[in-house]
Amino acid sequence: MATTSPDLAAMAGLTGAEARARIRAGQWRRPTAGVAVGYAQANVVILPAALAEPFHEFCAGNPQACPLLEVTAPGSPEPRRVAPGADLRRDVPRYRVYHHGTVMAEVDHLLDLWRPDLVAFLLGCSFTTEAALLRAGVRLRHLEQGTAVPMYRTNRACAPAGPFHGPLVVSMRPLPPAQVELARAVTARYPRAHGAPVHVGDPAALGIADLSCPDYGAPVPMAPGEVPVFWACGVTPQAAAEAARLEFMITHAPGHMFITDLRDEELADG
């Protein structure tokens, strides 16, 4: 008998472990925004162990884009600190597989690709700060229109480490000017979920020529009088892999995150 996929409202009230069970069973292959509300989600980067140390250095040098939550032991798919019992081979709705810096496939699991030398990095995700913004009364248009946030490569170079280099990637949310400082204060409390904005205003200052043409995600319309607000984005490691032309790397597909057992407030300072 075919399994009926749950709707987002049903997924919203689950715990992190319950949501992962649905994903593992193949019942959810969609983006995870709005799933397991209140539980922190994470970007995923999986690399051969030989690249683990330089990538760890890359995260340390670019903490807003790559806020590190956990590094797994080589060969282990279990993130024991943030989600004991989870399986990173099966608990993400969709993965991207890179060869020589190019996306070669998107797959639903890694059971056929997992190797004993693979190390997984889990990085904080902006879904945590989006939840905090919503609680503070800040409307987020990409959520209202049901799309992924628009993301852009910028002219700001990341601090390099080993083979890892490339542009900072940012996500953008249009806001009325009166809410910009509120948004800055709310998100600054979550340094492990990208923290405060890196830029407000003119996209050209970041080398972005056209907000209607994001490099990742979907465009969102700007209402009259609104200003674009930009945050560091967890897609930055994917851009670094493309720039470095790494022989092999696996990430989550954009928007298809790993859901942890951590509560959002555990990622806050103070």
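The values are calculated or read from the model by the stated rules, or taken from the named source; none is laboratory data. The structure displayed is predicted, hence computed values, not measured ones. Neighbour counts run over all protein chains shown; Cβ positions are idealised from the backbone, glycine included.
Just a few scattered comments:
- Within the option set Gly101, Gly34, Gly38, being closer than 20 Å to Thr236 by Cβ, modelled with pLDDT under 95 and touching a helix residue (DSSP H, G or I) at 6+ places or on another chain (Cβ under 7 Å) holds for one residue only, Gly101.
- Test: residue in segment 224-233 that is among the charged types (D, E, K, R) and closer than 17 Å to Leu143 by Cβ: yes
- Taking segment 146-172 as the range and being assigned to a strand (DSSP E or B) and not small (Gly, Ala, Ser) as the test, the residues that pass are Met151, Tyr152, Arg153, Thr154, Asn155, Arg156, Phe164, Pro167, Leu168, Val169, Val170, Met172.
- Count of residues meeting criterion [assigned to a loop (DSSP other than H, G, I, E, B), touching a residue at least 60 places away in the same chain (Cβ under 8 Å) and more than 24 Å from Glu265 (Cα to Cα)] in segment 7-39: 4
- Residue-level check: of (1) in a strand (DSSP E or B); (2) buried (at least 20 other Cβ atoms within 10 Å of the Cβ), Asp261 misses just (2).
- Residue in segment 232-250 that is assigned to a strand (DSSP E or B) and in the same structural domain as Ala49 (by TED's automatic domain parsing) present: yes
- When segment 198-219 is filtered for residues that are of a type in the set (Gly, Ala, Ser) and either buried (at least 17 other Cβ atoms within 10 Å of the Cβ) or touching a residue at least 24 places away in the same chain (Cβ under 8 Å) (or both), the ones remaining, listed by number, are Gly201, Gly207, Gly217, Ala218.
- Scanning segment 83-121 for residues that are under 17 Å from Ala240 (Cβ atoms) and either in the same structural domain as Glu181 (by TED's automatic domain parsing) or of a type in the set (Ser, Thr, Tyr) (or both), we see that the one that is surrounded by the most Cβ atoms within 10 Å (Cβ to Cβ) is Tyr98.
- Pick from segment 173-221, criterion within 21 Å of Ala42 (Cβ to Cβ) and assigned to a strand (DSSP E or B), ranking: modelled with the highest pLDDT: Arg173
- Criterion (under 19 Å from the mean Cα position of the chain (by Cα) and small (Gly, Ala, Ser)) met by exactly one of Gly85, Gly26, Gly38: Gly38
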